Amino acid sequence: MEPTFKTSFIPKKPIATAQASGPAPARSFNFFSLISTTIFIITILASGGLFAYKKILENQIVKADKDVNEARAAFQVEEIKDLIDANSRITAINSLLKNHVVLSKVFTLLEELTIKKIRFSDFSYAKKGDSLTLKMKTESQNYSALASQEEIFSKSQFLKNTKFFDFNIGENGYITTDFFTELNPSLISYKSVVESVSGNEQ
């Protein structure tokens, strides 16, 4: 009887087990992938923040618009229009009072200040700023009367820059001259007249 040999080429350990027991392969680290992921997360957070900020602004605009409408509704439009119209009328009246002049006050002043030996004629006036310039022809019996008249006029608070000029002898022997002066605005102001009358009535 021939001897029996059991020959086997199958390894004693499993192949998979033998491979697993070897050293583990090294894994590579992807730096660009990390950067991309970080940027993506930041972009999402920024988008969310902008969306939230937009909503906050929209709510603030709506609230501000509501407040404006409520404030507008609180005003009484008709009363405001009446007040504006009244203010316009008052402004127009003040302008009229300021620009209106009373020439009768000039004649009253001349009557009070003119001496007996002086006579005025050819009365004319012109607007100059806030005051009036006054020109007249003058007849005087003598030069002494003219000197006295000029002194009286120069002391008046309602006349300034008074002067007699262009002296001549008239056919009747009287001295003829031209007279010029500037009138104080308070003398011819209609507003001043109204205020003085109101003060006297009180």
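In table form, for the structure just shown:
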| read-out | value |
| --- | --- |
| Tabulated pairs, the range 168-185, first over 15 Å from THR138 (Cβ atoms), second of a type in the set (S, T, N, Q) and surrounded by fewer than 15 Cβ atoms within 10 Å (Cβ to Cβ), C-beta under 6 angstrom, 6+ apart or interchain | GLU182/ASN161 |
| Residue ID - modelled with the highest pLDDT, chosen from residues in the range 84-112 that are assigned to a helix (DSSP H, G or I) and in contact with a helix residue (DSSP H, G or I) (Cβ under 7 Å, 6 or more places away or on another chain) | LEU109 |
| VAL197 vs. criteria at pLDDT below 80, in contact with a Phe, Trp or Tyr (Cβ under 8 Å, 6 or more places away or on another chain) and among the hydrophobic types (A, V, I, L, M, F, W, C) | no |
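The values are calculated or read from the model by the stated rules, or taken from the named source; none is laboratory data. Computed from a predicted structure; not experimentally measured. Cβ atoms come from the backbone with ideal geometry, glycine included; neighbour counts cover every protein chain shown.
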